[in-house]
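The values are calculated or read from the model by the stated rules, or taken from the named source; none is laboratory data. Just so it is clear, the structure is predicted and the values come from calculations on it, not from any experiment. Ideal geometry is used to build each Cβ from the backbone, glycine not excepted, and the neighbour counts take in all protein chains shown. For the accessible areas, the whole protein counts, side chains as well, though only heavy atoms, and no ligand, DNA or RNA atoms are used. Shrake-Rupley method; radii C 1.70, N 1.55, O 1.52, S 1.80 Å.
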Amino acid sequence: MFPERFLWGAATSSHQVEGRNTNNDWWLWEKQGRTKEPSGEAVRHFELFDEDFRLAAALHHNAHRFSIEWSRIESQEGVFDDQAIQHYREVVQSLRRKSLEPIVTLHHFTNPLWFYEKGGWLHKEAPGWFARYAAKMAEELGKDVVYWITVNEPLVLVYHSYLTGLWPPGKKSAAQSWQVTRNLIQAHKAAYQVIHEVYRRNSWPAIKVSIAKNLRPFQVCPKTNNWMCRLSVFLRHRLFNLYFLEKIREQMDFIGANYYEREIVSNDKALAYGPFGGKCNTAHGHDDHVNILGWGSSPEGLYESLLWLKKYGKPVLIAENGTCEEDDTYRLQFIKTHLEQLERAIGGGVPVIGYLYWSLLDNFEWHHGFGPRFGLIEVDYSNFKRTPRPSARQFGEICKNNRL
Ligand code: BGC
């Protein structure tokens with residue numbers, strides 16, 4: 001049995017589902033041929049959101065996480081687009097009408113082109129620009145929204161955009177990664193403050209602001225279990241899992257936690273990788289089943305990660321957890337085994353308030369294109385028809401009964 005009023009639902013992000021987000025850095029990146037395929041129409045959620053939420057409600061969800069596309073709201077610097085704002089107002093109202101609690105993300109990896117061209121997250125004014133947009137959205141939507149997530153997975157953004165170079169702007173620089181990390185911390189803090197100010201000024205009641213933090217237990221590969229590898233695991237954990245949370249611990253009203261997998265660390269090529277080690281060569285075979293992206297399933301890792309959060313004494317919302325599978329039975333198995341570990345963590349004293357599966361719909365999986373299907377609801381890309389998968393129905397029963 002999960003706690004009363006537990007939030008059950010799924011998550012999406014604007015660029016992955018809406019379609020035709022022509023004014024952001026990802027669209028440009030796609031045009032430059034840097035992704036497997038372009039996002040194009042995505043799954044036309046921009047037009048079909050009401051129908052999608054109807055499906056979510058029929059699957060007994062009572063919450064839904066989505067993101068606002070900053071590049072639609074502020075397509076030119078400092079100029080806010082009323083029509084775009086109206087669109088997201090309708091999105092929130094559509095959710096409310098169906099008794100789905102809106103959980104609103106302000107930044108999910110994409111940036112307006114003007115922001116990108118000015119230097120993006122490297123620019124010293126980036127936190128201020130972000131806070132101006134956050135304040136505007138709080139003012140416009142705040143009356144109907146309790147849960148805000150400022151930035152989705154800040155360190156995943158840093159990692160892919162400034163270290164591996166796989167995402168725009170395609171940089172590979174440790175110094176820039178550090179600078180962007182600092183700016184993202186400042187951006188969250190500034191947004192946290194202005195959102196709270198807007199609520200105070202309007203005398204709106206409860207509000208909860210956080211980030212969505214990707215959590216990933218690192219483990220030593222048994223084949224390279226030496227002091228160097230143990231040091232890599234320690235450093236990765238401190239930096240990737242805890243650093244950001246420590247910096248914003250006074251500016252989070254709850255903790256949004258995204259969990260997908262653990263990571264086995266090896267130092268096979270220690271000198272090449274440096275003190276952080278490298279992701280273990282899959283030939284070492286740590287998992288029986290891996291998903292389409294090669295990720296193993298490690299439900300105990302969710303339990304472990306949740307225990308790290310206990311010391312913050314804040315409510316925890318699982319803001320993403322999911323898998324992409326050809327065979328839907330693995331999806332159901334994934335959900336159930338992770339929910340078992342979630343219950344275990346709740347039993348162990350972690351105040352978890354909800355679970356959002358990633359994702360409601362099949363969607364555009366960034367540089368991988370549309371191949372990996374994470375959706376509870378299958379999308380036929382030839383006609384955009386939606387079909388809930390069997391796992392969606394089974395998950396729906398869990399949501400309805402509030403028990404596994
Ligand atoms: C991101 C999503 C992404 C998912 C699966 C998360 O880290 O927030 O945008 O689709 O992982 O890769």
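Quick notes
- For S75, the shell of other residues with beta-carbons less than 15 Å away shows a net charge of -3, using +1 for Lys and Arg and -1 for Asp and Glu.
- For the chain, the membrane-span-like helix rule (DSSP H, alpha carbon extent of at least 15 Å along the helix axis, mean Kyte-Doolittle at least -0.5) picks out 45-58, 126-141, 299-309; this says nothing about an actual membrane.
- Solitary cysteines of the chain, where the nearest other Cys Cβ is not under 4.7 Å: C229, C324, C399
- Computed P(r) (all Cα pairs; the stretch 206-301; 10 Å bins; percent): 15, 39, 30, 13, 3, 0
- Taking label points 7 Å from Cα along the Cα-to-Cβ direction, N202 and E37 give a separation of 4.0 nm.
- Shape category assigned to the stretch 112-245 from the gyration tensor of Cα positions, a/c cut at 1.5: oblate
- R230-K385 pseudo-label distance in nm [points 7 Å out on the Cα-to-Cβ vector]: 5.8
- Within straight-line cross-link reach of K118, aspartates and glutamates at Cα separation under 19 Å, skipping those fewer than 8 residues along the same chain: D25, E69, E74, E77
- Only protein atoms count toward the accessible area here, which uses a 1.4 Å probe; on the stretch 159-210, the carbon and sulfur part of that area reaches 51 percent.
- GluC sites (Glu not before Pro) restricted to DSSP loop in the stretch 1-108 with at most 14 other C-beta within 10 Å: E4, E77
- Bridgeable lysines around K223 (alpha carbons under 19 Å apart, same-chain partners fewer than 8 residues away excluded): K269, K279.
- Over the chain: helical MRE at 222 nm, DSSP H runs n ≥ 4 each giving -39500 (n - 2.57), nearest 500: -12000 deg cm²/dmol
- Peptides 290-296, 391-397 ranked from most to least packed by the mean count of surrounding Cβ atoms within 10 Å: 391-397, 290-296.
- Nitroxide proxy distance, nm - points 7 Å out along Cα→Cβ at K124 and Q93: 4.4
- Fraction of antiparallel bridges per DSSP, the chain only, in percent to nearest 5: 20
- Protection proxy ranking of 337-346, 198-207 - average other beta-carbon atoms within 10 Å, highest first: 337-346, 198-207
- Pairs exceeding 21 Å between alpha-carbon atoms, taken from K136/K310; K213/K310; K208/K336; K136/K213: K136/K310; K208/K336; K136/K213.
- Shape category assigned to the chain from the gyration tensor of Cα positions, a/c cut at 1.5: rounded
- Å² per residue, accessible surface of the chain at 1.4 Å: 40
- One chain, two ends: E250 and L28. Fully extended at 0.36 nm per residue, the span grows by 76.3 nm beyond their Cα-Cα distance.
- Normalised by 2.2 N^0.38 Å, where N counts its residues, the alpha-carbon radius of gyration of the stretch 281-374 equals 1.17.
- Descending by average beta-carbon neighbour count within 10 Å, the peptides 185-195, 119-129, 311-321 line up as 185-195, 311-321, 119-129, the highest first.
- Taking Lys and Arg as +1 and Asp and Glu as -1, the other residues whose beta-carbon sits under 9 Å from that of T110 total -2.
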